Amino acid sequence: MKGSIKMIACAGLVLAAQVGVAQPESAAIIAKHQLSECMSKQMSANRSLSYNDAMRACKQRLQPPKDTLAAINPTDSGTKAH
């Protein structure tokens, strides 16, 4: 009986360690998942929409506007240091 309790406890520790070691998803994986969800919603809402058209529409929707990208890292418009 004591041996089986130790065995169950060890198995629980091993499983807990594996769950704790799990790495968070990278930004690329998250972006692909968001694109996939968007495309499935687009294609289910419009049955005549092609896969490629849904991909284009979702990529445009998920990317920030170019004005926002320029505002994130503004460059100095003054004189350049030599």
The answer for the net charge of residues other than N46 whose Cβ lies under 15 angstrom from its Cβ, with Lys and Arg +1 and Asp and Glu -1, is +3
For region 27-70, shape from the Cα gyration tensor axes a ≥ b ≥ c, cut at a/c of 1.5 then a/b versus b/c, turns out oblate
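A short reminder: the numbers here are calculations on the coordinates, not readings from a lab. Not measured: the values here are computed from a predicted model. Using ideal geometry, Cβ is built from the backbone for each residue, glycine included, and neighbour counts are taken over all protein chains shown.
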